[in-house]
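The values are calculated or read from the model by the stated rules, or taken from the named source; none is laboratory data. Note that the structure is a prediction, hence the values are computed from the model and not measured. Every residue, glycine among them, receives a Cβ derived from its backbone with ideal geometry; neighbour counts consider all protein chains shown. What goes into the accessible areas is simple: the full protein's heavy atoms, side chains included, and nothing from ligands, DNA or RNA. Shrake-Rupley method; radii C 1.70, N 1.55, O 1.52, S 1.80 Å.
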Amino acid sequence: MSRVELLKVFLASPSDVEQERQMVKEVLDAVNRTMGHEKNIHFEIIGWDSDSYPAYGKDAQAIINEQIADMKQFDLFVGMMWNSFGSPTPRSGSGTEEEFRRAVDSLKSSGRPEIMFYFNQQSSNFESAGAAEQKLKVLTFKEEIQKDGLTFDYDGPEDFRSRFQLHIEKWLIQHGPTVLTAPHVESTPESSTNERSIPKVDSVSEVISNSGMWILLKSQFSEAIEVSESGDQKILLKIPVSEASEDAFFRSLQPSQYVRHELLPFAHQNVGAFAKVLEAKRTSKENAAVWELTLELDEENSGFGSDMAYGNTSADELATMRARHILLNEEPTRPGRRGQNNQLEDGFFGAFVQGINTRVIVQGSVFPALWKELRGNVATFLPVARLWSVFHLITSNTCQYILDLKLGPIRNGVLQVYFRGQRRKECTNRDPYIIEFKGICSLD
């Protein structure tokens, strides 16, 4: 029986968004029965209205903090506000604000929980100065959050339901490392000019800087006969299939009008992203079949906490360590450690290298496992390994553009690697940071 991973969600809100609180529970319950079931993931929702119990001796929020609001235990924090800011506590402007600040402190120290905050923009009439003052506090609080993060507006409860469902599905797809399986490779005669064939080359001298027509989609690698890209983030793929299992895989990607588009890992040459399948069409002639897929690349992740420094280690330095972790399987070392053993500090530092609020959490290189899975088939390993790297380097917010990525040669079970990647430009008066290094990754 597969192990089910429990994901704990904390709900924070004043009392005037009760409908939205209920919708969060309904959406997560539905996800548990669909995508969560497929991924062996189960959401558990915690909130003051359902999980606290009567107690005496301290203020109400302090009791809630002790009973349920240890934020390090949560994977996700969902906050909502409309017109009411809430009643002040001895430590903060309201209980919701206090819970949010506890979540931020926990995120900075331990890397969890990730934070989603929503604001209802539905119009309303204020019948008293007190009500108007509450709304002003909400707006001031929103402006403060937006200095360090990304919030989302919605127009009433039903709009909230659709937005939250979309966001939680994205979050669920991005939760944890993406596991990629070894591809099936169609064998072709050495003399064949078939575009799908991969040349047999000497493993000692082989170096690649391009994955050719290979693509990664979801958890499968395939070879396309055509890939075209338009300026509106649309990708058109034409992929021939020869086996029933391949055919079934692409058939499973056909979108349904009743189900939201699933975000899938995608990579081709130097592009890595999450994408949704807009259209999947199959054509066949005699014994040959081709799937034509239209994909739409999802927007890049640059939300709250997606690119953070840790102490004296800048976000660019952390990204460099993350790149070396992906490509060289090199364990990150906390600067200035000097042999000191502090498991707590090392754990916090490791969480920042893996990625805080990034789409993919980096847990080292898959190269050794992939090399073993492909039984040392160099001609297949190199393009597939390069695709895996491109996808993780970009979706983990390590770099925005791949400028150069060479893999090979492989000698005595050791892979040579050269990488040069451009980070996202953060300041108008400074050139974007360039990560560049070369090294080796043991495949044994």
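Of Q422, Q363, all but one fail to be within 21 Å of P332 (Cα to Cα), open to solvent by 30 Å² or more (accessible area, probe 1.4 Å), under 25 Å from the mean Cα position of the chain (by Cα) and free of Cβ contacts under 8 Å to residues at least 24 places away in the same chain; the exception is Q422.
The single condition among (1) at pLDDT below 95; (2) open to solvent by 70 Å² or more (accessible area, probe 1.4 Å) that E436 does not meet is (1).
Listed by first and then second residue, the pairs linking a residue in the range 278-295 that is surrounded by fewer than 16 Cβ atoms within 10 Å (Cβ to Cβ) to a residue that is modelled with pLDDT of 90 or more and outside any strand (DSSP E or B), with Cβ atoms under 7 Å apart and 6 or more places separating them unless they lie on different chains, form an empty list. Among the residues of the range 409-419, none is identified as open to solvent by 70 Å² or more (accessible area, probe 1.4 Å) and at pLDDT 95 or above.
Summed over the range 304-352, residues that are open to solvent by less than 20 Å² (accessible area, probe 1.4 Å), closer than 13 Å to C399 by Cα and modelled with pLDDT under 80 total 1. Check the range 167-189 and report whether any residue there is touching a Lys or Arg at 6+ places or on another chain (Cβ under 9 Å), at pLDDT 80 or above and surrounded by fewer than 16 Cβ atoms within 10 Å (Cβ to Cβ). Checked the range 167-189: no residue is touching a Lys or Arg at 6+ places or on another chain (Cβ under 9 Å), at pLDDT 80 or above and surrounded by fewer than 16 Cβ atoms within 10 Å (Cβ to Cβ). Pairing each residue of the range 429-444 that is over 14 Å from S314 (Cβ atoms) with any residue that is assigned to a strand (DSSP E or B) and of a type in the set (S, T, Y), provided the two are 6+ apart or on different chains, yields C-beta distances under 7 Å for K438/Y418. Residue count for the range 381-408 under the criterion of being without any contact (Cβ under 8 Å) to a residue 60 or more places away in the chain and surrounded by fewer than 24 Cβ atoms within 10 Å (Cβ to Cβ): the result is 1. Residues that are surrounded by 15 or more Cβ atoms within 10 Å (Cβ to Cβ) and at pLDDT 90 or above: find the helices (runs of 4 or more DSSP H) completely inside the range 1-103 holding 2 or more of those. It comes to 18-33. If you filter the range 112-165 down to residues that are of a type in the set (K, R) and in a loop (DSSP other than H, G, I, E, B), you find that the one that is least open to solvent (accessible area, probe 1.4 Å) is R112.
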